[in-house]
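Asks: So that we are looking at the same thing, I have put the structure below in structure tokens.
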Amino acid sequence: MAKQRVVVLGPTTDDPLHHERAEMADLDVEFIQEAPKSEGEAIEAVRGADAIMMRGGWGTEQVIRAADAAKVLAVYSHGFNHIDVEAATDMGIIVTNGAGMCAEEVSNQAVTMTLALNRQLVQSTLQLRAGDWDPSALSPIGAIDEQTLGIIGFGNIGRQVARKLGQGWRMDTLVYDPYVAPWIISEYGVEQVFELNDLCERADYIVVVVPLNTETFHMVGKEQFDVMKKSAYYINVCRGSVTDEPAMIDALQQGKIRGAGLDVFEQEPVDPNNPLLQMENVITAPHSAGQSTRSAWLARQRASQQVAAVLRGEWPSAGQNPEVTSKLDEKSRMPGSAGLVTGHGE
Amino acid sequence: MSPEAKDVRVLFLGPKGGSGAFGADSEQQSKAARDMGAEFVVYEGDSEGELIEALKDVDVAINQGHGWDPKMFAHIGNNGRCKGLASGGHGFDGMDLEAAVENGAILSNAASFGTEEVSNQTMLHFLVCSRKFVLHDKLVKNGTWTREHLAPMGHISGETFGIIGLGNIGRAVARKALAFGMKVIAYDPFVSSWDAKEYDVEIVGTPQEVAKRSDYVTLHTYLNDQTRHMVNAEFFRLMKPTAYLINCSRGPVVDEKALIAALQNNEIAGAGLDVFEQEPVDPNNPLLKMDNVSVTNHYASYSELAFDRAKTQVGEEAMRIALGHWPMSLINPDVRSTVEPRKPAVSWEVMLAEQGK
């Protein structure tokens with residue numbers, strides 16, 4: 001059997017691919033690195049590939065439809081909003097992501113922002129720099145163990161946030177996620193709500209951790225900010241466009257909510273004139289929630305493991321389009337799909 | 001095209017003769033159908049022909065202890081109106097999954113209805129074993145007050161709890177064992193590394209490693225061809241002589257003859273058993289005579305709440321299947337390759353809201 005072609009699309013063509021090679025050491029594969037500058041080049045690059053690994057863009061329908069031999073398309077990131085999953089499914093290509101690759105880091109960013117907002121950390125720093133020693137200017141500061149946390153999206157990251165803030169800080173925790181099984185909810189001892197606005201009305205801190213897709217685009221908008229408490233904080237560590245940013249800016253300017261913690265923006269890099277950057281009650285980070293020395297290599301290892309599993313004929317542990325199995329013929333049915341975690345709304 | 005809720009018909013297949021584990025009535029199983037304005041039909045036939053006829057006019061069937069002949073799959077799934085079977089219990093060891101997949105029949109179970117109860121029963125057997133309760137209860141009641149049989153007795157905190165099968169129940173057990181200060185390790189080839197990390201469990205590559213390292217081994221697998229007799233004579237030889245085996249899953253996961261031999265030869269310290277290879281257990285089974293073995297009669301999953309939940313859940317899963325969604329607990333995921341794409345599983349409350357209920 002001929003060598004299987006693993007095409008890696010990235011910013012460079014001279015990456016050592018240490019983790020990629022190590023995870024596929026037992027397979028007869030050859031790595032081909034491409035750094036396409038245009039969609040046309042990406043289309044050429046993926047033709048005939050048995051597996052595609054993407055460290056960046058080019059997940060458009062045109063490119064995916066050109067991947068006539070591909071069994072798997074692995075993205076290194078958590079989010080795969082840049083991939084046309086529907087086209088991949090139609091082509092019989094399994095799409096995998098870096099599930100769990102930075103859940104630790106992103107959940108810690110959410111916890112950090114929650115605590116920083118609660119403790120008025122940035123505001124107090126700015127105040128002291130301005131020579132103003134007046135602790136009362138920071139009040140009111142809520143007693144966090146009597147406050148309510150609202151988590152939108154109860155996947156790997158949402159669960160870690162619930163474990164850390166819910167169990168660690170003993171916050172009452174509400175969860176909105178229509179796809180999560182009731183037994184996951186009870187294992188974490190959280191309360192599930194079935195309407196997003198219900199969570200927005202009741203929570204003191206609202207943390208959103210959902211993938212960006214057509215269903216979640218602008219899911220938090222004017223209607224949601226209107227029902228939030230005036231004392232509530234909104235924390236987004238997933239994708240900017242999950243929030244209707246102009247509506248959030250309005251809400252902050254009009255004092256409908258008390259502040260926000262933002263790792264992500266609708267436009268990235270963020271426009272330096274974005275009013276959010278001028279607000280003292282908004283703390284920000286440059287989409288760095290997932291970063292750590294570990295996630296940098298774990299992303300590579302995870303993506304490589306996904307590709308290796310598919311090339312071995314197994315269902316990958318981070319397969320994101322299980323409906324693709326209806327396109328796989330009987331011979332290539334994946335026995336490992338018995339391990340598909342159900343009840344996670346896949 | 002999936003039917004509208006008002007046009008859905010759900011068939012209830014109750015236990016044949018007798019009342020079965022969940023009783024014969026279907027009041028709670030029919031709740032989901034009633035709430036959605038669907039029709040709920042109780043099967044009263046008694047022959048293959050009658051069942052085939054009944055399946056023709058329904059969108060889904062609930063199977064609660066009725067039994068299911070694999071050749072009936074030829075009449076459901078891709079072959080007819082009835083798209084699948086929602087099973088009322090936890091285990092599905094009687095089900096021919098391969099035949100279901102081939103025929104495009106969607107199968108669900110009442111996942112996790114007894115997670116709390118089974119994990120508690122597991123912890124009960126673990127403590128009873130660890131504290132040598134069976135023996136001392138008997139001695140004290142017989143008027144013997146002695147400490148001579150206590151050693152060896154572990155400290156629990158700092159000891160290793162080994163779990164085979166880290167599903168819902170395994171995870172609940174892990175959470176509880178961690179609360180006792182134990183080190184928790186697990187064998188489960190289907191659990192991702194990030195899930196194991198979230199549950200603070202060390203995943204090991206083989207059941208043998210669990211056997212070697214654990215002070216208590218507990219089993220939380222399904223019974224299938226991979227798990228039948230996975231705990232056998234070789235496994236017991238690897239276990240520490242001071243270690244205990246707890247089984248609240250299915251009897252045949254353990255080679256019971258090998259277990260009896262291991263206990264008789266002091267290869268392990270004792271066992272806590274809710275299940276047996278033959279049930280009801282033979283009154284002459286030597287396991288019932290041993291003072292280092294605690295036994296219960298396969299009721300680990302029982303509480304009124306748990307059984308109510310199972311019955312409600314199976315009705316909800318049936319409606320999900322009938323209305324073109326995936327069930328929350330799909331037990332034959334390979335069926336995704338033989339049926340048309342479906343809508344994702346969503347919370348029952350969301351299903352109701354979508355139907356304007």
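No lab work stands behind these numbers, since they all come straight from the coordinates. Fair warning: this is a prediction, and the values are worked out from it, not measured in the lab. Virtual Cβ from ideal backbone geometry, glycine too; neighbours counted across all protein chains shown.
Asks: Specify whether the C-alpha gyration tensor of region B:29-171 places it in the rounded, prolate or oblate class, a ≥ b ≥ c being the square roots of the eigenvalues: rounded for a/c under 1.5, otherwise prolate if a/b is larger than b/c and oblate if not. Kindly include the intermediate steps, with their values, before the conclusion.
Replies: Values: a/c = 3.23, a/b = 2.81, b/c = 1.15.
Prolate.
Asks: Further question: So what's the gap between the Cα centers of region B:288-334 and region A:164-188, to the nearest angstrom?
Replies: A separation of 22 Å, based on Cα centres.
Asks: Between beta-carbons, use under 13 Å as the cut-off and find the net charge around A:Asn81, counting Lys and Arg +1, Asp and Glu -1.
Replies: Working: positive: A:Arg239; negative: A:Asp84, A:Glu86, A:Glu215, A:Glu266, A:Glu268.
Once positives and negatives cancel, what remains is -4.
Asks: Checking the cross-link filter: which aspartates and glutamates have an alpha carbon closer than 20 Å to that of B:Lys183, excluding same-chain neighbours under 8 positions apart?
Replies: Of all the aspartates and glutamates, those that pass the test against B:Lys183 - Cα under 20 Å, at least 8 places apart if same chain - are A:Glu187, B:Glu159, B:Asp195, B:Glu198, B:Asp200, B:Glu202, B:Glu209, B:Asp215.
Asks: Taking each residue of A:192-198 in turn, how many C-beta atoms of other protein chains fall within 10 Å of its C-beta, and what is the average? Could the numbers behind the result be given before it?
Replies: Details: counts 2, 2, 8, 3, 0, 0, 0.
Other-chain Cβ atoms within 10 Å of each residue's Cβ, averaged: 2.
Asks: Further, regarding this structure: Averaging sequence separations of C-alpha pairs under 8 Å and six or more residues apart, then dividing by the length of region B:33-97, give the relative contact order as a whole percent. Don't jump to the answer; show the numbers that get you there.
Replies: Details: 58 pairs, mean separation 20.1, N = 65.
After rounding, I find 31 percent.
Asks: Net charge near A:Lys222, counting Lys/Arg +1 and Asp/Glu -1 over other residues with Cβ under 10 Å of its Cβ? Please report the intermediate quantities before stating the final value.
Replies: Values: positive: A:Lys256; negative: A:Glu223, A:Asp226, A:Asp244, A:Asp250.
Residues near A:Lys222 contribute -3 overall.
Asks: Okay, moving on. So what is log10(I(q)/I(0)) for region A:1-87 at q = 0.11, 0.13, 0.19 1/Å, when the Debye sum runs over its Cα atoms only?
Replies: Here log10 of I(q) over I(0) equals -0.27, -0.38, -0.82.
Asks: Calculated from DSSP H runs of 4 or more alone, at -39500 (n - 2.57) each and per residue, what is the 222 nm mean residue ellipticity of chain A, nearest 500? List each step's numbers first, then the result.
Replies: Working: 12 runs with 105 residues, N = 346.
Result for chain A: -8500 deg cm²/dmol, rounded to the nearest 500.
Asks: One quarter of the convex hull surface, Cα atoms only: what value does that give for chain B in nm²? Walk me through the intermediate numbers first.
Replies: On the way: hull surface 77.2 nm².
For chain B, the mean projected area of the Cα convex hull comes to 19.3 nm².
Asks: From Cα pairs below 8 angstrom and at least 6 apart in sequence, can you work out the relative contact order of chain B, rounded to a whole percent? Mind dumping the intermediate values first?
Replies: Details: 680 pairs, mean separation 74.5, N = 357.
In percent, rounded to a whole number, it is 21.
Asks: For every helix of n ≥ 4 consecutive DSSP H residues, a contribution of -39,500 (n - 2.57) applies; sum these over chain B, divide by its total residues, and give [θ] at 222 nm rounded to the nearest 500 deg cm²/dmol. Spell out each step's value before the answer.
Replies: Values: 12 runs with 111 residues, N = 357.
Taken over chain B, the calculation gives -9000 deg cm²/dmol.
Asks: A follow-up question, please. Could you tell me whether region A:117-261 comes out rounded, prolate or oblate from its Cα gyration tensor? Rule is a ≥ b ≥ c as square roots of the eigenvalues, rounded for a/c under 1.5, then prolate if a/b exceeds b/c, otherwise oblate. It would help to have the intermediate numbers written out before the result.
Replies: Working: a/c = 2.12, a/b = 1.41, b/c = 1.51.
Note, shape of region A:117-261 comes out oblate.
Asks: Semi-axes, largest first, in whole Å: what does sqrt of 5 times each Cα gyration tensor eigenvalue give for region A:91-136?
Replies: Here the semi-axes work out to 42, 10, 7 Å.
Asks: Also: How compact and how long is region B:203-357, expressed as Rg and Dmax of its alpha-carbon atoms in Å?
Replies: 20.4, 64
Asks: If you build the convex hull over the alpha carbons only and average its shadow over all orientations, what do you get for chain A? Give it in nm² to one decimal. Write out the running numbers ahead of the final one.
Replies: Details: hull surface 75.6 nm².
Its Cα hull, projected and averaged over all orientations, spans 18.9 nm².
Asks: Divide the volume of the convex hull of the Cα atoms of region B:108-189 by its number of residues and quote the answer in cubic angstrom per residue. Walk me through the numbers on the way to the answer.
Replies: On the way: hull volume 8.7 nm³, N = 82.
Cα-based convex hull of region B:108-189, divided per residue, equals 106 Å³.
Asks: Size of region B:276-318 along its principal axes in angstrom, Cα-based, largest extent first?
Replies: 43, 17, 11
Asks: If one computes P(r) from the Cα atoms of the protein assembly as shown, what percent of pairs lie at distances over 46 Å?
Replies: 26 percent
Asks: Dividing the Cα radius of gyration by the Kirkwood radius, what Rg/Rh value follows for region B:164-241? Please list the in-between numbers first.
Replies: Numbers: Rg = 12.1 Å, Rh = 12.8 Å.
Rg divided by Rh gives 0.94.
Asks: Going by alpha carbons, how many degrees (0 to 90, nearest 10) lie between the helix axis of A:103-118 and the longest principal axis of chain A?
Replies: That helix lies at roughly 10 degrees to the long axis.
Asks: Quick check: net charge around A:Val270, other residues with Cβ under 14 Å of its Cβ, Lys/Arg +1 and Asp/Glu -1? It would help to have the intermediate numbers written out before the result.
Replies: Numbers: positive: A:Arg239; negative: A:Glu245, A:Asp263, A:Glu266, A:Glu268, A:Asp271.
Neighbourhood net charge equals -4.
Asks: Moving on to the next point. Under a point spin-label approximation (7 Å from Cα along Cα-to-Cβ), what is the B:Leu139-B:Glu209 distance to one decimal in nm?
Replies: The answer from the label model is 3.8 nm.
Asks: While we're on this one: Using r as the Cβ-Cβ distance of B:Asp57 and B:Asp200, and R0 as 51 Å, what FRET efficiency do you calculate, to the nearest 0.05?
Replies: 0.50
Asks: I need the shape label for region B:1-68. Rule: rounded when a/c is under 1.5, else prolate if a/b > b/c, else oblate, with a, b, c from the alpha carbon gyration tensor. All intermediate terms of the calculation are to be shown ahead of the outcome.
Replies: Values: a/c = 2.69, a/b = 1.32, b/c = 2.03.
Judged from the Cα gyration tensor, region B:1-68 comes out oblate (a/c at least 1.5, b/c at or above a/b).
Asks: Moving to a separate point now. Order these peptides, A:95-107, B:286-298, A:307-319, A:40-52, by their mean beta-carbon neighbour count within 10 angstrom, highest first.
Replies: Working: A:95-107: 23.8, B:286-298: 16.3, A:307-319: 21.6, A:40-52: 20.1.
Going by the mean number of other Cβ atoms within 10 Å, highest first, we get A:95-107, A:307-319, A:40-52, B:286-298.
Asks: If you count, for every residue in B:190-199, the Cβ atoms of partner chains within 10 Å of its Cβ, what is the mean? If you can, show how the numbers build up before the last one.
Replies: Working: counts 8, 3, 10, 6, 11, 6, 1, 5, 8, 3.
Across the residues of B:190-199, the mean count of other-chain Cβ atoms within 10 Å is 6.
Asks: In Å, what Kirkwood hydrodynamic radius results for region A:142-196 from the alpha-carbon pair distances?
Replies: Details: mean 1/r = 0.0909 Å⁻¹.
11.0 Å is the Kirkwood radius here.
Asks: Same structure, new question: Normalised by the residues of chain A, what does the relative contact order come to in percent, with Cα pairs under 8 Å and at least six apart?
Replies: On the way: 653 pairs, mean separation 61.9, N = 346.
Across chain A, relative contact order equals 18 percent.
Asks: Roughly how far apart, in whole Å, are the Cα centres of region B:257-283 and region A:254-327?
Replies: Using only Cα atoms to place each centre, the spacing works out to 51 Å.
Asks: Here's a follow-up. Tell me which GluC sites (Glu not before Pro) from region B:1-89 have a DSSP coil assignment and no more than 12 other beta carbons within 10 Å of their own.
Replies: Details: sites: B:Glu4, B:Glu27, B:Glu39, B:Glu44, B:Glu48, B:Glu50, B:Glu53; in loops: B:Glu4, B:Glu27, B:Glu44.
Here the GluC sites (Glu not before Pro) that fit, given the DSSP loop and packing criteria, are B:Glu4, B:Glu27, B:Glu44.
Asks: Counting partner chain Cβ atoms within 10 Å of every residue's Cβ in B:320-332, what's the average? Walk me through the numbers before you get to the answer.
Replies: Numbers: counts 0, 0, 0, 0, 0, 0, 6, 2, 10, 4, 5, 2, 2.
For peptide B:320-332, the averaged partner shielding equals 2.
Asks: Does anyone have the angle between helix A:293-311 and the longest principal axis of chain A? Alpha-carbon axes, 0 to 90°, nearest 10?
Replies: 40 degrees
Asks: Something else: Of A:Lys229/B:Lys197; A:Lys327/B:Lys343; B:Lys176/B:Lys311, which ones are farther than 28 Å apart at the Cα? The partial results should precede the final answer.
Replies: Numbers: A:Lys229/B:Lys197 35 Å; A:Lys327/B:Lys343 16 Å; B:Lys176/B:Lys311 26 Å.
Correct reply: A:Lys229/B:Lys197.
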